[in-house]
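Colleague: The following block contains the structure, expressed as C-alpha cells.
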C-alpha cells in the first residue's frame, strides 16, 4: 500500500562505516564468491543522507553528493547502491505508481576504502523507503532484502558488533558491548578493488612462500570482547587479505609499522582495504599518536602523498533515521 500523502515526504538518515576486526577466508563457492568468517564493528564515522519522496508519472532516482573530495568517485547514476536499493525495494513491494526519489549524501566515509560506505548508504535507503511506505517490512525482512544488494548491507542495518559468516551476511551479534577507540589511516588517492583482492588472495595462497604472518583468531577475539578484555581481543585481530594487499601496496606496510611503533594495540587492514585501523587505549592516546604520526611522516617519501586520518569509536547501533520533515 501507498501512504495517503505523497505530495512530499522528507527523511534524514545516518549511516555508519564498519570495520572488519578479523577477516578469515574459509572457502570458495562454485560461483566464485568467497566464504568468510569475520567480526564486524560499526564506528562513528558516518554519512548523512537526505531523502525527498514525491509522486511522479514514473519512478526516477536523483542522487547528489555534497563532499567535494568525492567528485569523480561517487557515482550518481544507476550503478550507485542507493539507486539499486530503491529499485529492489519497489520491486519487492510491487509499487505500481511512479515515485520521485531525491537523495543528497553528505559523504564522510571514503569511497573504495573497505569501510562499507556504499553498503551503509544502501541500508539507509531501505530504512527511509520502509518508513515512507508505512513500514511494510519488519527489521528481519529488511535484513534479507539488504542481503540481496550486498553482503555488508545486513550488518550496516544491524550495526554494533557481530560475527559474520557465509558471505558475511549471516550475522550473530556479540552480546557484550565493547568500547573501542580506533585510528583510521588511508592514502587519500588509493583504492583497492574487492574483486581484485580476493582474486589475488587465491593466487597468493598457492604461493610456496607466504612469509611469516600473524593470522586472525576468531574464537580468541570473541572471548576477549565477551570478557571485556579489549587489549587481549586486539591481539587476536587480523585479516587474511592483508599480506596480499601489502605485497602490492608496500606503503601500507610502512604506515602500519609507524602506528604500531607509536603504541597502538594492533593495526590491520579492514575489508579489502586500503584503510588501516589501529586500536588504541583511549582518546588521548589517539590524539597523541596523530601528532607524532604526521611528524614522522614529514621526513619520509610519503610526505607528498595525502594521508587521511580519522579518530573514531565503536558504536552499538547501525544505520538509523534521525529526522522526518
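Colleague: Within region 61-79, work out how many residues are modelled with pLDDT of 95 or more and surrounded by 14 or more Cβ atoms within 10 Å (Cβ to Cβ).
Modeller: So the answer is 2.
Colleague: From 161, 194, grab the single residue that is in contact (Cβ under 8 Å) with a residue 60 or more places away in the chain and out of contact with any strand residue (DSSP E or B) (no Cβ under 9 Å at 6 or more places or on another chain).
Modeller: Every option except 194 fails the conditions.
Colleague: Taking the criterion of being without any contact (Cβ under 8 Å) to a residue 60 or more places away in the chain, in a strand (DSSP E or B), under 21 Å from residue 319 (Cα atoms) and not assigned by TED's automatic domain parsing to the domain that holds residue 249, would at least one residue in region 79-92 satisfy it?
Modeller: Taking every residue of region 79-92 in turn, none turns out to be without any contact (Cβ under 8 Å) to a residue 60 or more places away in the chain, in a strand (DSSP E or B), under 21 Å from residue 319 (Cα atoms) and not assigned by TED's automatic domain parsing to the domain that holds residue 249.
Colleague: Could you list, in sequence order, the residues of region 129-144 that are in a helix (DSSP H, G or I), in contact (Cβ under 8 Å) with a residue 24 or more places away in the chain, in contact with a helix residue (DSSP H, G or I) (Cβ under 9 Å, 6 or more places away or on another chain) and within 25 Å of residue 8 (Cα to Cα)?
Modeller: Correct list: 129, 130.
Colleague: Determine which single condition residue 273 fails, assuming it passes every other condition in (1) surrounded by 15 or more Cβ atoms within 10 Å (Cβ to Cβ); (2) part of a helix (DSSP H, G or I).
Modeller: Unmet condition: (2).
Colleague: Follow-up question, since we're still on this one. Taking the criterion of being touching a helix residue (DSSP H, G or I) at 6+ places or on another chain (Cβ under 8 Å) and surrounded by fewer than 20 Cβ atoms within 10 Å (Cβ to Cβ), would at least one residue in region 191-199 satisfy it?
Modeller: Looking through region 191-199, none of the residues is touching a helix residue (DSSP H, G or I) at 6+ places or on another chain (Cβ under 8 Å) and surrounded by fewer than 20 Cβ atoms within 10 Å (Cβ to Cβ).
Colleague: Looking at (1) within 20 Å of residue 42 (Cβ to Cβ); (2) surrounded by fewer than 17 Cβ atoms within 10 Å (Cβ to Cβ); (3) in contact with a strand residue (DSSP E or B) (Cβ under 9 Å, 6 or more places away or on another chain); (4) outside the structural domain of residue 152 (by TED's automatic domain parsing), which one does residue 228 not meet, given that it meets all the others?
Modeller: (3)
Colleague: Does region 290-305 hold any residues that are modelled with pLDDT under 90 and either part of a helix (DSSP H, G or I) or under 26 Å from the mean Cα position of the chain (by Cα) (or both), and which are they?
Modeller: Correct list: 296, 297, 301, 302, 303, 304, 305.
Colleague: Taking region 164-181 as the search range and keeping residues that are assigned to a strand (DSSP E or B) and touching a residue at least 24 places away in the same chain (Cβ under 8 Å), which one is nearest to residue 256 (Cα to Cα)?
Modeller: Result: 181.
Colleague: On to the next question. Go through region 98-114 and report how many residues are over 21 Å from residue 127 (Cβ atoms) and more than 20 Å from the chain's Cα centre (by Cα).
Modeller: Qualifying residue count, region 98-114: 1.
Here is a yes/no grid of residues against (1) in contact with a helix residue (DSSP H, G or I) (Cβ under 8 Å, 6 or more places away or on another chain); (2) surrounded by 15 or more Cβ atoms within 10 Å (Cβ to Cβ); (3) outside any helix (DSSP H, G or I); (4) at pLDDT 95 or above:
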{"position": "183", "(1), (2), (3), (4)": "yes, yes, yes, yes"}
{"position": "189", "(1), (2), (3), (4)": "no, no, yes, no"}
{"position": "212", "(1), (2), (3), (4)": "no, no, yes, no"}
{"position": "220", "(1), (2), (3), (4)": "yes, yes, no, yes"}
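The values are calculated or read from the model by the stated rules, or taken from the named source; none is laboratory data. Keep in mind the model is a prediction, meaning the values are calculated, not measured. In this analysis, Cβ positions are derived from the backbone assuming ideal geometry, glycine residues included, and neighbour counts consider all displayed protein chains.
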